[in-house]
Amino acid sequence: MILERLEKVLKAMEKERLAQLLISDPSSIFYLTGKWIHPGERMLVLYLNANGNHKLFINELFPVYEDLGVEKVWFTDIQDSVEVLANYVEKEKVIGIDKNWPSRFLIRLMELKGGSAFINGSKIIDKIRMRKDEKEQDLMREASKLNDKGIEKLMALISNKYDEKKMGQMLLDIYEELGADGFSFDPIVAYGANAADPHHSPDGSTLKEGDSIIMDIGCVKNSYCSDMTRTVFYKTASEKAKEIYNIVLEANKKAIAAVKPGVRFCDIDAAARNHIEAAGYGKYFTHRTGHAIGIDVHDFGDVSSANTDVVEPGMCFSIEPGIYLTGEVGVRIEDLVLVTEDGCEVLNQYDKELKIIG
């Protein structure tokens, strides 16, 4: 177990008066143990108890024999894994459940009366993971540097010879060449009218003169994710397209300038959204301004009008305003920011001024 992180979780449990907590999310288990375990449909649970009687419940299928600093409780495919777990929990006390724990396990634990009450315990570790320690901050920087190099190489390949799907395939080769550990999410490459779909799935579309090109890409390095978006234009750009681009760019810059400790996430969202609304395109900015990122490309927390939480040093999240005109053009510009003691550090250094390529 990584003791500093475990201690933070136990202190948060004490503050919430929660005596026991089940963690099943592989990312959170990795965060606390340094070990990735992907259980598929089988049960995997790290059980934390305020009295220190921690256990890792794991199927014998998985060869995790190194010392993780926590006692392992093994079970087989023919055992009732939840019944094994129920023999260790304190049934007379409230138990915190992982938000991602499948209902088939939770319902079975409830049938076995595995706690006096069941609550969502994920907010405890989610909020701790939001603030990256120094080691994590360095890992985020490293992943983003690779992503900057990746998009530079991808930009050089832009041509009407390659459709959207092929560009994504070539990006994987680029990441492997750079030493990344693969995608942090399936890349979005969108040409022309496709760019007006914020989550477009790359297809066989090829480039036409005047198309906007959205490239939303990210890689993983040492278990930490990167994410960035750049929009460029092929051969030419209409005056309207240029106008939209510059509005989005200014919204991106205004939101980044608003990031500092003590500011609410909703105020950062407003910095971007108000600028786009003032320009007359508010209804075409159809998503939140950003999301938290770390071990998962979408960690807990977001930059939205509904989030009144306060920004703290060590938090890392995206700033990605966009404007999407159906059937015409789409523009999104995304950077990751890492909150410092008096502002923020922008992790993406690849140029984001308007570019016409080809």
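Residues that are polar (S, T, N, Q) and under 20 Å from Ala12 (Cβ atoms) occur in the stretch 53-73; there is at least one. For the residues Glu41, Glu71, Glu83, the requirement of being at pLDDT 95 or above, in contact with a His (Cβ under 9 Å, 6 or more places away or on another chain), surrounded by fewer than 16 Cβ atoms within 10 Å (Cβ to Cβ) and not hydrophobic (A, V, I, L, M, F, W, C) singles out Glu71. Out of contact with any helix residue (DSSP H, G or I) (no Cβ under 8 Å at 6 or more places or on another chain), among the hydroxyl-bearing types (Ser, Thr, Tyr), modelled with pLDDT of 95 or more and surrounded by fewer than 20 Cβ atoms within 10 Å (Cβ to Cβ): is that true of Ser144 in this structure? No: the conditions fail for Ser144. Within the bounds of the stretch 300-312, is there any residue that is free of Cβ contacts under 8 Å to residues at least 12 places away in the same chain and either within 22 Å of Gln137 (Cα to Cα) or not assigned by TED's automatic domain parsing to the domain that holds Cys225 (or both)? No.
Here is a check on your reading of the model: is Ile158 modelled with pLDDT of 95 or more, assigned to a helix (DSSP H, G or I), of a type in the set (Val, Ile, Thr) and surrounded by 14 or more Cβ atoms within 10 Å (Cβ to Cβ)? Full working, then the answer.
Details: modelled with pLDDT of 95 or more: yes; assigned to a helix (DSSP H, G or I): no; of a type in the set (Val, Ile, Thr): yes; surrounded by 14 or more Cβ atoms within 10 Å (Cβ to Cβ): yes.
When the stated conditions are applied, Ile158 does not pass them.
Count of the stretch 16-43 residues, restricted to those that are assigned to a loop (DSSP other than H, G, I, E, B) and either out of contact with any Leu (no Cβ under 8 Å at 6 or more places or on another chain) or assigned by TED's automatic domain parsing to the domain that holds Lys135 (or both), is 10.
Hand me the list of strands (runs of 3 or more DSSP E) wholly inside the stretch 161-248 holding 1 or more residues that are more than 21 Å from Thr326 (Cβ to Cβ). It would help to see each step written out before you state the result.
Values: elements: 188-191, 212-217, 228-234.
Where strands (runs of 3 or more DSSP E) fall fully within the stretch 161-248 and carry at least 1 residues being more than 21 Å from Thr326 (Cβ to Cβ), they are 212-217, 228-234.
Filter the stretch 322-358 for residues that are buried (at least 21 other Cβ atoms within 10 Å of the Cβ) and either of a type in the set (Gly, Ala, Ser) or out of contact with any strand residue (DSSP E or B) (no Cβ under 8 Å at 6 or more places or on another chain) (or both); which is farthest from Glu312 (Cα to Cα)? This residue is Gly330. Scanning the stretch 9-32 for residues that are under 20 Å from the mean Cα position of the chain (by Cα) and either more than 22 Å from Ser103 (Cα to Cα) or of a type outside the set (A, V, I, L, M) (or both) yields a count of 8.
The values are calculated or read from the model by the stated rules, or taken from the named source; none is laboratory data. None of the values given here were measured: they were computed from a predicted structure. Cβ: placed from backbone, ideal geometry, glycine included. Neighbour counts: every protein chain shown.
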